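Take a look at the structure set out below.
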Amino acid sequence: MISGLSLSLLSLPRATARAEEPMAIIDTHVHLARNFRGEISQSIAAIVLSEMDRFGIEKAILSPPPLPPGREGIGLSELSAAVRRQPRFAFAAGGDSLNPMLQDTPADRVSAGLLRRFTATAEEIAAAGAASFGELAAEHFSSGLGRHP
């Protein structure tokens, strides 16, 4: 189901579309910041929508930013709520939950329990309406600037 939704978001223009019609642009990697009250506010969303309009972007897939261990990011409930409020947004999730399981577990140490936990977490993300899983990486090399986890 998730791959079908992702494909529908990223589908190419129909072959019958005329060349002068603009192509749909989908930004697949947008990080939203919280306001000083710790919320994804309507004003922040309005700024993002304004920039989307300025650059001709029809849809944006929100993704929680990568954070160092122990620092709480924008969660699944916040992302799904932002998408419910604004249909031009979709969201990806799992960077804060699935990704640590991938990076913290050597391939020869994957247990049945870990696999069950990973699968249950992925199913929870899918049930919340995620368009995709992200940010995920088996290995992550930081930019080296000291601020990026």
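Once the Cβ-Cβ distance of Arg116 and Ala137 is raised to the sixth power relative to R0 = 25 Å, the FRET efficiency obtained is 0.65. Amide hydrogen proximity for Ile61: with H placed 1.01 Å from N in the peptide plane, the residues at 5 or more positions away or on another chain lying under 5 Å are Asp27, Thr28, His29, Val30, Ala90.
The modelled label-to-label distance for the pair Thr105/Thr28, using points 7 Å beyond Cα in the direction of Cβ, is 2.5 nm. If R0 is taken as 22 Å, the Cβ-Cβ distance between Ser43 and Ala128 corresponds to a FRET efficiency of 0.35. As a calculated quantity, the FRET efficiency between Gln86 and Glu20 at R0 = 30 Å, using C-beta atoms, amounts to about 0.55. Highest mean packing first, where packing is the average number of other Cβ atoms within 10 Å per residue, the peptides 99-112, 78-91, 45-58 line up as 78-91, 45-58, 99-112.
Any read-out appearing in this document is the output of simple, stated calculations on the displayed coordinates, not a laboratory observation. What you are looking at is a predicted structure, and each value in this text was computed from that prediction instead of being measured. We place every Cβ from the backbone using ideal geometry, glycine too, and count neighbours over all the protein chains shown.
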